[in-house]
Amino acid sequence: MDELDRKLTQARDTIRQLGSVVVAYSGGVDSTLLLALCLEVLGPGNVLAVTARSETYPEAELQQAEEIARSLGARLRIVETRELDDPRFAANPPDRCYFCKQHLFGDLWTIAREEGLAAVVYGANADDLGDHRPGMRAAQELGGRAPLLEAGLTKEDVREASRHLGLPTWDKPAMACLSSRFPYGTPLTPDALRRVGAAEAFLRREIGLRQFRVRHHDPVARLEVPPDEWGRVLEEPARQRIVERLRELGYLYVALDLAGFRSGSLNDALKPH
């Protein structure tokens, strides 16, 4: 048994011990693997995937999550979350995600009790321990379990296991919620979230980018794109199309970040220099 198999066996054992679960399911790489393992170990009758519909997540992501859950044979429930109604979240402090996950995991436990399910699980992995993750703290405080993290599975492990299991998300780009595009302290509004979501949808659909971010520094849109894909945004006519579209969305300036794409780059402001 190699190291990845050992970790997966441990994750399956943890899930088996829980007996029945609500899975916090976003349709991303981690939560899809977790859902697949739960279905394998516990069977569909003991597993309920719950996905949040929110202004902070693109509708296309929700639709894709629904399709994947259906293909796995999972029961799926969608809940409406209204994070922006909480001024603690909308003010966008560094612990913004804590308040979001407080609401979400409260809802998940309510559903678990209604459905007679014993546990709430979520798809954190071992690499998440190395970054600023206040949402994980809320999940843990409310009794959520993270079988992938507890088994020591890294992001690379998750992708390899997903590929081996034939999951369509194995090479899906990381997708954090849209609020992560805003510098801490910049208020989150429905209009600003829609602008960022529309800008990223355009770059994904029309320019062909996969792993990138549009960071909102109004009136500047700062594009984080891997250096090996800069040609896609700098060559004509793509460059002019990008400028025109983002100006239509309300940005006065469009900048390409020479540091390239970095997941969680706005957390740099929290680190000592």
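The values are calculated or read from the model by the stated rules, or taken from the named source; none is laboratory data. The shown structure was predicted, so the numbers you read here are calculated from the model rather than taken from an experiment. Note that each Cβ is placed from the backbone with ideal geometry, even for glycine, and that neighbours are counted across all protein chains shown.
Descriptive notes on the structure:
- Single condition Val23 does not satisfy, out of (1) at pLDDT 95 or above; (2) buried (at least 16 other Cβ atoms within 10 Å of the Cβ); (3) assigned to a helix (DSSP H, G or I): (3)
- Number of the exception - Arg16 against (1) in contact with a Phe, Trp or Tyr (Cβ under 6 Å, 6 or more places away or on another chain); (2) assigned to a helix (DSSP H, G or I): (1)
- Of Tyr184, Tyr251, all but one fail to be under 27 Å from Leu84 (Cα atoms), more than 19 Å from the chain's Cα centre (by Cα) and surrounded by 14 or more Cβ atoms within 10 Å (Cβ to Cβ); the exception is Tyr251.
- Residue in segment 232-246 that is loosely packed, with under 15 Cβ neighbours inside 10 Å and either at pLDDT below 95 or small (Gly, Ala, Ser) (or both) present: no
- Considering the conditions (1) touching a helix residue (DSSP H, G or I) at 6+ places or on another chain (Cβ under 7 Å); (2) over 19 Å from Gly28 (Cα atoms); (3) in the same structural domain as Leu35 (by TED's automatic domain parsing); (4) not basic (Lys, Arg), Gly116 is excluded by exactly one of them, (1).
- All of Ala192, Ala139, Ala146 fail the test of being in the same structural domain as Leu8 (by TED's automatic domain parsing), within 24 Å of Ala90 (Cβ to Cβ) and surrounded by 14 or more Cβ atoms within 10 Å (Cβ to Cβ), apart from Ala139.
- Cross-chain or 6+ apart pairs with Cβ under 7 Å, segment 242-257 first and touching a residue at least 24 places away in the same chain (Cβ under 8 Å), then assigned to a loop (DSSP other than H, G, I, E, B): Tyr251/Pro219; Leu252/Pro219; Tyr253/Pro219; Leu256/Val225
Let's see how each residue does on (1) surrounded by fewer than 23 Cβ atoms within 10 Å (Cβ to Cβ); (2) out of contact with any Phe, Trp or Tyr (no Cβ under 7 Å at 6 or more places or on another chain):
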site: Thr51; (1), (2): yes, no
site: Thr81; (1), (2): yes, yes
site: Leu104; (1), (2): no, yes
site: Ala118; (1), (2): yes, yes
